[in-house]
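Asker: Attaching a single structure in structure tokens format; questions to follow.
The values are calculated or read from the model by the stated rules, or taken from the named source; none is laboratory data. What you see is a predicted model; the values in this text were computed from it and never measured. Methodologically, a virtual Cβ is constructed for each residue, glycine included, from the backbone with ideal geometry; neighbour enumeration extends over all protein chains shown.
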Amino acid sequence: MRLLFLGSGEFGLPTARMLHAQHELVGVISQPDKPAGRKRVLTPTPIAAWALGEGLPVLRVDNVNTAEFVSQVTGLGAEASVVIAFGQKLSEPFIESLGRLTVNLHASLLPKYRGAAPINWAMIEGERTAGVSVIGLAQKMDAGPVYAEGSLEIDPNETAGELHDRLAALGPGVIQKVLVDLQAGTLDPKEQDHDQASKAPKLSKADGTVSFDQPCEKVRARVHGLMPWPGCRVDWLCKATGKTAVLTLGRVAAVPDLSCFIGLESVEESPAPGSIGEGYHVMTTDGLVRLIEVQAPGTRMMPIDDFARGHRLGSGDVLSPIPA
């Protein structure tokens, strides 16, 4: 099929590669180059960089809805279009220029987690299953009919970044199924149950912390759901030095058992949430979380044993959320 691909972020790369291999991509539309790195060098989006490397025609515009651009896209004669992590709201006239079907790959099992950060929020909320949905475009965010889905189980040890990559790998299969159904005339869209919709708003740097005054599974889910962006930073009060520093938590494990914390047997006799005990276990309201990977400013993320050898982190220290 003659297809247009609209995307900017890395989430769409596996699908873009599949479309290029199995169809005719008449164009790739992406966001304009943006400054990146310490030297603020103008850099193409991951999708634009890939497409340029493949010699595909790439259109980089900050507003796809202008009459001039709509006319340009209409002239490409696409039969259908695929949109993944593009970053602009599409007007009805522009959608009409994209062919007889335009679908979007969204990183959740809709109607749950509509919005900019579905993977993060699915993990933060403790979901055990995640997935992707291929939907038609609608003027209300992520509210279009569902054409296909793919799902997988969330590993309690993985971060949002790792889940992102596994979900991205589901994209080619579900998108290809929809395109095959389109050609065969067997598309069967299902209306979403809008009463069951939930939101997944964009995260900010201020969201990047965690309170230990909650159950251990909640702590684990939030830490992993915030990685790699915006990251999960906490204030670390070191008992040995009396000083406070910022510590980034990369990975933790929930331990619904107090026996690891210096022989404690009940929550009633335990130290305050955030207190660190033996084996780098941190107190929560119903158990512990064990620190697995951490990072101090100016250092790399490293296993907790390696970190502790070069830093004075140990029993009696306290971790607390960074104030907003």
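Asker: Could you list all residues from the stretch 181-216 that are assigned to a loop (DSSP other than H, G, I, E, B) and among the small types (G, A, S)? Break it down stepwise before answering.
Answerer: Restricting attention to the stretch 181-216, the residues satisfying the condition of being assigned to a loop (DSSP other than H, G, I, E, B) are 185-189, 191-193, 197-198, 200-204, 208-215.
Residues satisfying the conditions are G185, A197, S198, A200, S204, G208, S211.
Asker: Filter the stretch 184-196 down to the residues that are out of contact with any Leu (no Cβ under 8 Å at 6 or more places or on another chain) and surrounded by 12 or more Cβ atoms within 10 Å (Cβ to Cβ) and list them by number. Show your work before the answer.
Answerer: Of all residues in the stretch 184-196, those out of contact with any Leu (no Cβ under 8 Å at 6 or more places or on another chain) come to 184-186, 188-191, 193-196.
If the condition is that a residue be out of contact with any Leu (no Cβ under 8 Å at 6 or more places or on another chain) and surrounded by 12 or more Cβ atoms within 10 Å (Cβ to Cβ), then P189, K190 are the ones that fit.
Asker: Considering only the stretch 92-114, I want to know if a residue exists there that is buried (at least 19 other Cβ atoms within 10 Å of the Cβ), without any contact (Cβ under 8 Å) to a residue 40 or more places away in the chain and among the small types (G, A, S).
Answerer: So far as the stretch 92-114 goes, yes, one or more of its residues are buried (at least 19 other Cβ atoms within 10 Å of the Cβ), without any contact (Cβ under 8 Å) to a residue 40 or more places away in the chain and among the small types (G, A, S).
Asker: Would you confirm whether or not the stretch 241-248 contains a residue that is surrounded by 13 or more Cβ atoms within 10 Å (Cβ to Cβ), assigned by TED's automatic domain parsing to the domain that holds V289 and under 14 Å from the mean Cα position of the chain (by Cα)?
Answerer: The answer is no, given that none of the residues of the stretch 241-248 is surrounded by 13 or more Cβ atoms within 10 Å (Cβ to Cβ), assigned by TED's automatic domain parsing to the domain that holds V289 and under 14 Å from the mean Cα position of the chain (by Cα).
Asker: Quick one: which residue in G185, G150 is out of contact with any His (no Cβ under 7 Å at 6 or more places or on another chain), farther than 30 Å from A253 by Cα and small (G, A, S)?
Answerer: Details: G150 fails: farther than 30 Å from A253 by Cα.
Every option except G185 fails the conditions.
Asker: Please specify each residue of the stretch 90-121 satisfying the condition of being farther than 22 Å from A16 by Cβ and basic (K, R). Give the derivation first.
Answerer: Step one: list which residues in the stretch 90-121 are farther than 22 Å from A16 by Cβ, which gives 91-93, 96, 109, 111-115, 120-121.
K112, R114, listed by residue number.
Asker: Out of the residues in the stretch 1-42 meeting the condition of being modelled with pLDDT of 95 or more and among the β-branched types (V, I, T), tell me which one is farthest from G99 (Cα to Cα).
Answerer: This residue is T15.
Asker: A follow-up question, please. Out of the residues in the stretch 144-182 that are of a type in the set (G, A, S) and within 19 Å of the chain's Cα centre (by Cα), state the one that is surrounded by the most Cβ atoms within 10 Å (Cβ to Cβ).
Answerer: G171
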